[in-house]
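Here's the structure we're looking at; comments come further down.
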Amino acid sequence: MMSDIEKNSITKPAEWPPRLVICVGTIVLKDNQVLFIRQAKDQSLEGQWSIPWGFVDNEETPESAALRETFEESGIKAEVKGLLGFQNLHQPGWIGLIFLCHHVEGKPIADGIETDMASYLSLDELGKLGEPIEPWCEWLARRVLEGEYSLIPSEPHNPYNPKMAFL
């Protein structure tokens, strides 16, 4: 008997090459705090605090997109320390890659377009915020701040260097 996946692949020709929407986010650490931004009016998460997020543009690597989005949304320059993980997102064909970063320079400042606030928050501050926090972002930040994560560091000696690999 054929599964639904097999039936769909037979009846619906696949687009080639397959297309995915790749979203990237960062957990930027500074002094036992994580960088959060609050989504501005008319944004998908309007009024909610979240980690910096965005889409990977054409011809852009996921890690450079993550750093670009972080800077655009918060004014913070960061450096990737490694890959925290992968998340299937709510939309079919959308995936999220999350990078652990450390603060390099800058003070959190909202861009006034996508974000209306930016701040580093500790575990205690997250609990006392009193404003909506996107649940997955809060869960992820808490895990990192509590040391409950595994990091996949960048491997600089891969055959495609200088393209980053996380192994």
### Task
Quickly run through the range 51-73 and pick out the residues that are outside any loop (DSSP other than H, G, I, E, B), more than 16 Å from Leu100 (Cβ to Cβ) and not acidic (Asp, Glu).
Gly54, Phe55, Arg68, Phe71
### Task
Determine, yes or no, whether Thr11 is in contact with a helix residue (DSSP H, G or I) (Cβ under 6 Å, 6 or more places away or on another chain) and either more than 18 Å from Gln91 (Cβ to Cβ) or at pLDDT below 95 (or both).
no
### Message
For the list (1) within 17 Å of Arg68 (Cα to Cα); (2) open to solvent by 100 Å² or more (accessible area, probe 1.4 Å), I need the number of the one condition that Gln39 fails.
### Response
(2)
### Message
All but one of (1) at pLDDT below 95; (2) of a type in the set (S, T, N, Q); (3) open to solvent by 60 Å² or more (accessible area, probe 1.4 Å) hold for Ser154; state the number of the condition that does not hold.
### Response
(3)
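This table checks each residue for (1) more than 25 Å from Ala40 (Cβ to Cβ); (2) of a type in the set (A, V, I, L, M); (3) in contact with a Cys (Cβ under 9 Å, 6 or more places away or on another chain).
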| position | (1), (2), (3) |
| --- | --- |
| Asp57 | no, no, no |
| Ser74 | no, no, no |
| Ala78 | no, yes, yes |
| Lys81 | yes, no, yes |
| Pro92 | yes, no, no |
| Ile113 | no, yes, no |
### Task
Name every residue in the range 96-118 that is more than 17 Å from Trp139 (Cα to Cα), open to solvent by 30 Å² or more (accessible area, probe 1.4 Å) and part of a strand (DSSP E or B), in order of residue number.
His102, His103, Val104, Glu105, Asp116, Met117
### Residue, farthest from the chain's Cα centre (by Cα), within the range 120-151, restricted to residues that are of a type in the set (A, V, I, L, M) and surrounded by fewer than 16 Cβ atoms within 10 Å (Cβ to Cβ)
Leu129
#### Entry: Condition check for Asp42: on the phi > 0 side of the Ramachandran plot, of a type in the set (Asp, Glu) and either in contact (Cβ under 8 Å) with a residue 12 or more places away in the chain or in contact with a Gly (Cβ under 7 Å, 6 or more places away or on another chain) (or both)
no
### Task
Would you mind telling me which numbered condition in (1) open to solvent by 90 Å² or more (accessible area, probe 1.4 Å); (2) more than 23 Å from Lys77 (Cβ to Cβ) Pro162 fails?
(2)
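The values are calculated or read from the model by the stated rules, or taken from the named source; none is laboratory data. Since the structure is predicted, the reported quantities are computational estimates derived from the model, not experimental observations. Cβ coordinates were reconstructed from backbone atoms using ideal geometry, including for glycine residues, and neighbour counts include every protein chain displayed. Just so you know, the surface numbers come from the protein's heavy atoms only, side chains and all, with ligands and any DNA or RNA stripped out. Shrake-Rupley method; radii C 1.70, N 1.55, O 1.52, S 1.80 Å.
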